[in-house]
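What follows is a single structure, written as structure tokens, with notes after it.
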Amino acid sequence: MSAQTNETVSAVRGDSLEQYKVVIVHDTVYVPILEAKMPVDSSRIIYTKPIGRYDRGITNYRFIPKSKWIGGMTISVYNFESDNSRLLFSLLKDIDLNLRTLSIKPFVGYAIKDNTVVGLKFGYSRISGGIGNLSLNIEDLDISLKDIKYTDDSYSFSLFHRSYIGLDPKGLFGLFNETTLGYSTGSARFSRGADENLKYTDTSVNQLNIGINPGIAISIMPNVGAEVSFGVAGFTYNWEKQKKSSGETGKRTNSGANFKINLLNINIGITVCI
């Protein structure tokens with residue numbers, strides 16, 4: 001785009017002063033362009049009330065709307081075998097051990113308000129492992145173990161509370177923290193030896209637990225999402241009864257707390273929102 005301006009120029013011609021009108025053409029005119037911004041649906045923003053005078057400045061988008069039902073299932077699987085570990089072979093010889101864990105937890109919940117869900121969770125878990133053979137000989141230390149097995153089956157019921165934080169206006173990504181209060185019951189067997197040399201201890205376990213499980217949720221299609229969570233803190237109280245193959249019985253109670261990431265409590269799940 002071009003523009004014209006008129007200017008008067010004075011010049012000396014001979015003995016007289018003459019004036020001329022000169023037309024100056026500007027080739028370029030700069031027109032300001034407003035920066036385009038994506039429209040944001042303000043109805044999806046959940047405003048966080050400041051604590052006293054302190055405003056954390058957190059923009060929380062709606063991820064789970066109020067009055068919605070959610071349901072789904074989380075699965076945790078862990079499998080270890082000594083045949084797949086080069087590190088163990090470099091340190092120990094004649095070793096044969098394995099460990100397998102499986103946890104399945106269906107759940108259902110209701111959004112009592114935007115991004116806040118309460119619900120019920122049921123679960124089944126199984127732990128199985130064994131040492132077929134283990135030999136360790138370091139200077140004067142000589143250890144040999146074989147034919148050791150452990151199995152543990154448990155069923156659980158828990159109440160949970162979830163708080164979500166939506167990370168984007170479209171509701172595709174979100175973080176959540178889940179707090180659970182649960183009860184579980186199950187049985188375990190620890191055995192060693194085989195055939196006529198078999199010795200075992202059977203244990204019935206009851207447990208109360210409180211857990212904190214943060215995670216991330218991703219919407220993969222309308223009303224269907226995937227999530228990953230892991231346990232970072234918890235408190236447990238157990239009471240157990242034991243019976244040995246020799247006929248001896250006993251019981252005990254114990255409690256404990258942990259504040260670390262539990263690699264055996266990493267859950268992957270699918271969630272449906274209706």
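The values are calculated or read from the model by the stated rules, or taken from the named source; none is laboratory data. This structure is a prediction, so every number in the text was calculated from the model and none was measured. Here the Cβ positions follow ideal geometry from the backbone for every residue, glycine too, while neighbour counts run over all protein chains shown. Just the protein is used for accessible areas: all its heavy atoms, side chains included, with ligands, DNA and RNA removed. Shrake-Rupley method; radii C 1.70, N 1.55, O 1.52, S 1.80 Å.
For the reader, a short list of remarks on this structure follows.
- Filtered residue count, the stretch 150-181, keeping only those that are among the charged types (D, E, K, R), open to solvent by less than 50 Å² (accessible area, probe 1.4 Å) and over 30 Å from residue 194 (Cα atoms): 3
- Some residue of the stretch 256-269 being at pLDDT 85 or above, touching a Ser or Thr at 6+ places or on another chain (Cβ under 6 Å) and surrounded by 13 or more Cβ atoms within 10 Å (Cβ to Cβ): yes
- Test: residue in the stretch 69-86 that is surrounded by 13 or more Cβ atoms within 10 Å (Cβ to Cβ), of a type outside the set (Lys, Arg), out of contact with any strand residue (DSSP E or B) (no Cβ under 6 Å at 6 or more places or on another chain) and modelled with pLDDT under 90: yes
- Qualifying residue in the stretch 220-234 (condition: touching a residue at least 60 places away in the same chain (Cβ under 8 Å), charged (D, E, K, R) and surrounded by 17 or more Cβ atoms within 10 Å (Cβ to Cβ)): yes
- Lone unmet requirement of (1) over 17 Å from residue 265 (Cβ atoms); (2) at pLDDT 85 or above; (3) more than 22 Å from the chain's Cα centre (by Cα) for residue 144: (2)
- Residue 156 being more than 25 Å from the chain's Cα centre (by Cα) and outside any loop (DSSP other than H, G, I, E, B): no
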